[in-house]
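Everything on this sheet refers to the single structure shown next.
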Amino acid sequence: LPQKLPNTGTTIFTVMSALAAEHGAVNLGQGFPDFGADPGLLQAVTDAMAAGHNQYPPMTGVPALREAVAAKLNTLYGAAYDAGSDITITAGGTQGLITALHACVGAGDEVLIIEPAYDSYDPAIRLAGAVPVGVPMTADYRIDWAAVRAAVTPRTRALVINTPHNPSGRVATRADLQELERIAEAHDLFVISDEVYEHMVYDGAPHESVARHPALRERSFLVSSFGKTFHVTGWKVGFVAAPPALSAAFRRLHQYTVFTVHTPTQHALASYLADPAPWQGLSGFYQAKRDAFRAALAATPLKLLPCEGTYFQTVDYSAVSDLNELDFARWLTTEIGVAAIPLSVFYQQPQERRHVRFCFAKRDETLAEAVKRLAALA
Ligand code: PMP
Ligand code: GLN
């Protein structure tokens with residue numbers, strides 16, 4: 001067999017979910033809700049099937065869904081994406097990311113990724129023959145723009161940004177996006193903007209989409225996913241928004257790797273998106289969970305790091321253990337009964353920190369049980 005990704009093991013999400021299941025641990029590792037989606041949305045899928053929406057939709061996605069996405073991007077971010085030429089429905093954020101990367105980088109190109117970096121970026125870039133260049137965030141998980149500038153070389157072709165940020169829970173500011181725009185323009189870089197947590201931003205802060213910044217939008221692939229927004233991670237439906245030339249390059253690959261995605265789900269999402277209440281209410285819904293989870297964890301020796309967005313809470317466990325992050329996450333799962341994700345897996349180089357990530361997209365009872373078990377750390 002050809003040695004593709006020779007140094008890449010099994011993704012941490014699969015590893016930790018299997019370990020959690022094996023040991024009966026509360027799974028706060030892999031990011032997914034343990035509660036149901038809106039019954040109205042589920043019914044809409046059944047209705048779409050009954051109505052006969054079961055054959056291939058257009059390669060780029062069901063038109064009504066592309067229109068609903070374009071309308072939402074326009075309302076929220078003031079961006080005029082054209083539903084016909086600029087929006088493509090994808091098999092989740094993961095496919096959006098890899099296809100966007102393959103559309104704009106090739107052999108020998110360098111792609112900047114901000115570390116900790118979501119684990120699919122590195123292999124997606126390598127599979128394109130390009131080189132992922134990790135740029136660590138500052139100690140408190142802000143983007144280190146001086147380090148980004150220093151990492152740019154004549155071979156740098158693109159930069160991947162993620163806000164709200166998995167795993168740190170940080171949210172980029174307007175100033176961050178302005179820095180990004182300056183660097184991207186100065187070095188003529190493509191931007192892959194992973195915004196799958198766009199509707200989970202807390203304490204009244206805005207989501208700083210690339211779509212809000214016209215010059216940036218022109219060189220960006222905006223990637224999002226309905227799985228996060230509507231509590232249906234297993235549906236694997238998302239979208240990529242990009243200007244016509246970028247979308248055309250994206251679709252050239254999309255048509256022969258995926259062609260299109262699940263039809264009835266797209267119809268259901270199209271009608272569901274017409275009501276802004278579910279996505280407008282998401283930040284409030286998760287902020288309440290964040291606050292309750294943080295308040296409960298405050299009684300443990302785990303030190304809470306800021307959580308400004310996403311459904312992830314990162315903690316510093318150095319008061320509890322000297323184990324490295326992977327070993328600690330395993331120990332926490334097998335001995336304490338709570339699964340977490342070690343942040344070390346999101347870096348190219350070994351890290352000296354003692355940080356793990358918990359997912360709080362869980363029922364209150366699940367979080368209460370996890371906290372009860374974590375009380376044993378005191
Ligand atoms: N990007 C980030 C930052 C994510 O956390 C995830 C999934 N949790 C994805 C992309 C992939 O999204 P999807 O499940 O829709 O493929
Ligand atoms: N993105 C999710 C997380 O960060 C997991 C997705 C996956 O399992 N691939 O936990």
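Under the rule a/c < 1.5 gives rounded, and otherwise a/b versus b/c splits prolate from oblate, where does region 307-378 land using the Cα gyration tensor? Here region 307-378 falls in the oblate category. Between T46 and A175, full extension at 0.36 nm per residue minus the direct alpha carbon distance yields a gain of 42.0 nm. Full extension of the segment from H187 to A319, taken as 0.36 nm per residue of separation minus the current Cα-Cα distance, would add 43.2 nm. Based on C-alpha pairs under 8 angstrom that are at least 6 apart in sequence, region 40-275 has a relative contact order of 30 percent. Protection proxy ranking for 235-244, 277-286, using the average of other Cβ atoms within 10 Å per residue and placing the highest first: 235-244, 277-286. Charge tally around Y347: other residues with Cβ under 12 Å, Lys/Arg +1 each, Asp/Glu -1 each, net -4. Of S225, S85, the sequence from fewest to most neighbouring Cβ atoms within 10 angstrom is S85, S225. With R₀ fixed at 25 Å, the C-beta to C-beta distance from T334 to T138 puts the FRET efficiency at about 0.15.
Shown for the chain are the DSSP H helices of 18 Å or more along their axis, judged by Cα atoms, with a mean Kyte-Doolittle hydropathy of at least -1.0: 63-77, 92-104, 174-187, 244-257, 282-297. In terms of its alpha-carbon gyration tensor, the chain comes out oblate; a/c meets the 1.5 threshold, while b/c is at least as large as a/b. The distance linking region 119-151 with region 308-340 is 24 Å (Cα centroid to Cα centroid, whole angstrom). Which of rounded, prolate or oblate describes region 220-378 when judged by the alpha-carbon gyration tensor and an a/c cut-off of 1.5? It comes out prolate by the Cα gyration axes. Each label point was placed 7 Å from the Cα along the Cα-to-Cβ direction; for H23 and T75 their separation is 4.5 nm. Within the shell defined by Cβ-Cβ distances under 9 Å, the residues around V131 carry a net charge of 0, with Lys and Arg each +1 and Asp and Glu each -1. Each semi-axis of the equivalent ellipsoid for region 118-210 is √(5λ) with λ an eigenvalue of the Cα gyration tensor; in descending order they amount to 22, 16, 12 Å.
Taken along the Cα-to-beta-carbon direction at a fixed 7 Å, the label points for L5 and A147 span 2.5 nm. The modelled label-to-label distance between D327 and A296, using points 7 Å beyond Cα along the C-beta direction, is 2.9 nm.
A short reminder: the numbers here are calculations on the coordinates, not readings from a lab. Note that this is a predicted model, so its numbers are computed, not measured. Here Cβ is always computed from backbone atoms with ideal geometry, including for glycine, and neighbour counts include all displayed protein chains.
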